[in-house]
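Notes follow the structure.
The values are calculated or read from the model by the stated rules, or taken from the named source; none is laboratory data. Not measured: the values here are computed from a predicted model. Methodologically, a virtual Cβ is constructed for each residue, glycine included, from the backbone with ideal geometry; neighbour enumeration extends over all protein chains shown. Please note that ligands, DNA and RNA were not included when accessible areas were found on the heavy atoms of the full protein model with its side chains. Shrake-Rupley method; radii C 1.70, N 1.55, O 1.52, S 1.80 Å.
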Amino acid sequence: MIRRRLNNVRFVITLTIFSMPLAAFGLAAYLRFATHLLPRYSSDADPSSYFGLLILTTVLWGIVAEHQKLVAIEYPFFAARKIRSVLGACLITYLAVLWITFFYREFTFSRVFIWLSGVSLFLLTLVAFAIFDWAWGKNGSRDKAGFTVLIAGADEFAEGVAQSLRAGHVPACTIKGHIRLPGQACVISDTPVYQLRDIEELAIGNGIDDVIVAIPPTLLGALPELRRQLSSLCAPIRLVLDVGEPVDTCQRPFTLGDLLLFDLQTTPADSSLYVILKRAFDLAFSACVLIFAAPIFFLIALAIVVSSPGPIIFLQERVGLNGKLFRMFKFRTMEMSSAGESDARWTVQNDPRCTRVGKMLRKTGLDELPQFLNVLKGEMSVVGPRPERPIFVQKFMHSVGNYNRRHYLKVGITGWAQVNGWRGDTSIAKRVEYDLYYVRHWTMTFDLLIVALTLIRSFTDKNAY
C-alpha cells in the first residue's frame, strides 16, 4: 500500500508538472491571439504553427524538470528551495527554446508569446505546488488516514519510526500497533503492543496494509528469521534502514550479479545527465575560451618570458576525481624553485616568490587559463571543487571532516567556495563546507550561476593572490 500510494502520488505530480507547458501555451495563446490586450503583427506565425514549438518546449521542460527534481515527493511542495528550482527550470528551458528558434527560420514566432508562456509556466507550476500542499496537508489532518501499518519492533528505534510515519503527509497513515520482539525493552504506550505469537490472529480482518520492520542495525542479523515469522501476515513487509547519515531519497537498491547493493554515499557523477550535460558544457565553454582568448594567451606568454627566466607553463600534480592524480597546467607566476618546495609550500599574500607579472595574473585569475586544456582532456571541469596537491590532501583528510568527499565530482577551475571568497590563505574547513554543499546540490543551473559569479568577482576578489 505504501509503495502504491507513493507511485500514485508520483504519477499525479509527474503528469501535472509535464502538462504545465500545455497549460502555459494555452494561457499565452489566449492572451496573445484571442484578446485585444496586445497588438498583432503581420510577421507573427500562424497560431497552428506553434504546435511544434509546444512539443519542443514540453520535451525540454520534461528533461529539465526531472533534473531539477520538480517531480520529487517533498512536503511542503511550496517551499523557497522548490521555488528557486522552478525558476531555474523555466530559465533553462526557455533559454534553450530561444536559442533553437533563433536558428529556425521557417516561421517567425512571436517573442511576446514565448515570454508570456514562460511567465505562465512559472506561475502555473507554483499554483500546482500550492494545490499539492493544500491537498496533502488536508489529507494529513484527517482522523482516518490513508493506510494502516503494523510495526515490528517496540523499542526506542521503533517509537521514532512511528513518530516519523505519523508526521508524514505524503502519504499519511495510522499505526495499528507494535510487535514486541524477543529481548526488547518496550517503550510504546500510545498504541497496542502485540507479541510474535499474536501474528496469526492479526493476519485476517484487521485492515493492515503494510508491515514496517523497525529494528536497529545491531539486530539486522536476525532479519531472515523475523521475515519467516512475519510471513503469515497478509501484507507486504518493508524494512526501515538506519545507516547513520541521511541517504539520498532518489537512490534505489541495485543488483550486481547475485549481490544486492545500496548507495550509502552517492554522487551526481553516477547520473547520465551529469556526464552528458556537464561534459558538453565543459567542451563547448573551454573551446570558446581557448579560441577567443588566444591573443591573451600570447600576450601573457610574452610577458612571462620577458619578466623572468623559466618555462611559460607550470605543471603540478593535483588530486582529481575519485582521488586520481593528474598534472595541472598554469601560467608560471613565481620564480623558479625546486619541485619539492613548490609542492609543499602554501601561497600567502605578498608571497616573495611571485614575479611582478605573476602578481597581476594571480590577482585577476588569468594564471588559471591553461587549465581549460585540462578540461578538454577530461581531467577537470569548468566548475567544481578546486584541486589540491597530494601532500595537502593527505593533511586535510585527517584534520577536516569529510574532506575527501570533494573528490566525488570532477575538480574545477572555479567553484562555489571560490565565488564566496574562500580561496587563497583562508579557512580550509569553510572551503570544504561550501565544496560539499556544491557536491550535494549540483545542477547545471548551479554551474551557470557559479560561472556568472566568477566573471563578476574575477577583478574584485581580495583573496586572490
Counting only protein chains, not ligands or nucleic acids, how are 407, 398 ordered by accessible area (probe 1.4 Å), most first?
398, 407
What is the sum of charges around residue 232, taking Lys and Arg as +1, Asp and Glu as -1, for the other residues whose C-beta is under 14 Å from the C-beta of residue 232?
-1
Under a 1.4 Å probe, what is the accessible area of segment 375-465 per residue, stated in Å²?
43
Expected sort for 426-433, 379-386 on mean C-beta neighbours within 10 Å, highest first, is 379-386, 426-433
When only the heavy atoms of the protein chains count and the probe is 1.4 Å, how do 356, 238, 389 rank by accessible area, highest first?
356, 238, 389
